[in-house]
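One structure is given here, and the rest of the page talks about it.
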Amino acid sequence: MRVVFLGAPGVGKGTQAERIALQYRLAKISTGDLLREAVRNQTTLGLEAKSFMDQGQLVPDSVVIGLVREKLDDSSCANGFVLDGFPRTVPQAEELGKALAEKSTALDLVVNFQVSREDVVRRLSGRRSCPKCQATFHVDFAKPKVDEVCDRCGDSLVQRNDDRRDAIETRLKVYDEQTAPLVRYYDERRLLSSVDASGSVDVVFQHLAKVLAPFLVR
Ligand code: AMP
């Protein structure tokens, strides 16, 4: 199965992508994770991407397209993949189509995660991340056992620079202007399914499993 998870920042795509990838043995390709790793490792690409990311702006298409093309070539994608956070612009979607066509393949499905704007802001502004093992928590919905401390590795939790109020506003504006047009793009190609992502992680996972089921039994 080759599927794209589409939706505004904070809708929970990443959490669900992680679960789906594990359950169905798919590769998870998250451009946000790949870019954050590059920033941590201070690679040339990471240094170029950092200021865009901190401000909540998109990293240039050429950079992310290169990253994704490289991942798609990896043998881990042979059984299929979940793309989380890519494509985010129409040119990225076009490049993805081309890259898959070169491999004589195509997307099976694009899932559009839908959550109210108010919920998205609450989810993003309360998110806390572990700088060491990358686990994520939430100050209201997924509290760590000890305040501000990672359950998994014991490091101190931090708020991502792009989860601060002003960066959240920019990210949502960027989503509306550059990413939301992909809903129509994929709908016109008859690839789009929508999922109500307003419930708990388990409830959303159940909705999602139903939407994905026809593609898994093939
Ligand atoms: P995410 O974790 O998916 O919210 O991504 C965090 C940040 O990484 C975004 O705000 C962008 O700055 C950058 N980023 C992730 N994916 C893309 C993409 N497909 N195109 C451009 N920038 C991206």
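The values are calculated or read from the model by the stated rules, or taken from the named source; none is laboratory data. These numbers come from a predicted model, not from an experiment. Note: ideal-geometry Cβ built from the backbone for every residue, glycine included; neighbour counts use all protein chains shown. Heavy atoms of the whole protein, side chains included, go into the accessibility calculation; ligands, DNA and RNA do not. Shrake-Rupley method; radii C 1.70, N 1.55, O 1.52, S 1.80 Å.
Observations, loosely collected:
- Largest first, the residues 168, 65 sort by 1.4 Å accessible area into 65, 168.
- Counting only DSSP beta bridges whose two residues both lie in the chain, roughly 25 percent are antiparallel.
- With 32 Å as the limit on Cα-Cα distance, the pairs of 28/145; 132/210; 13/103; 28/143; 28/50; 98/173 that go past it are 132/210.
- Measuring with a 1.4 angstrom probe and ignoring ligands and nucleic acids, residue 149 comes out at about 50 Å² accessible.
- Size descriptor for the stretch 1-149, Kirkwood hydrodynamic radius: 16.4 Å (Cα pairs only, one decimal).
- Two-site label geometry, residue 51 and residue 24: point separation in nm, points 7 Å out along Cα→Cβ: 4.0 nm
- Of 207, 138, the order by accessible heavy-atom surface (1.4 Å probe, DNA, RNA and ligands excluded), from most exposed downward, is 207, 138.
- Residue 44 accessible area, 1.4 Å probe, all protein chains in place, Å² to nearest 10: 120 Å²
- Solvent exposure of the chain amounts to 53 Å² per residue of accessible area, where only protein heavy atoms count and the probe is 1.4 Å.
- Projecting the Cα atoms of 66, 52, 6 onto the charge dipole of the stretch 1-68, computed from C-beta unit charges around the Cα centre, puts 6 farthest toward the positive end.
- Taking all protein chains as shown and a probe of 1.4 angstrom, residue 63 keeps an accessible surface of around 20 Å².
- Portion, in percent, of the accessible area of the stretch 112-188 that falls on carbon or sulfur, probe 1.4 Å: 45 percent
- Ellipsoid fit via the Cα gyration tensor, the stretch 70-218: semi-axes of 30, 19, 17 Å, each the root of five times an eigenvalue, largest first.
- Going by accessible surface with a 1.4 Å probe and the largest first, 128, 164, 190 read 190, 164, 128.
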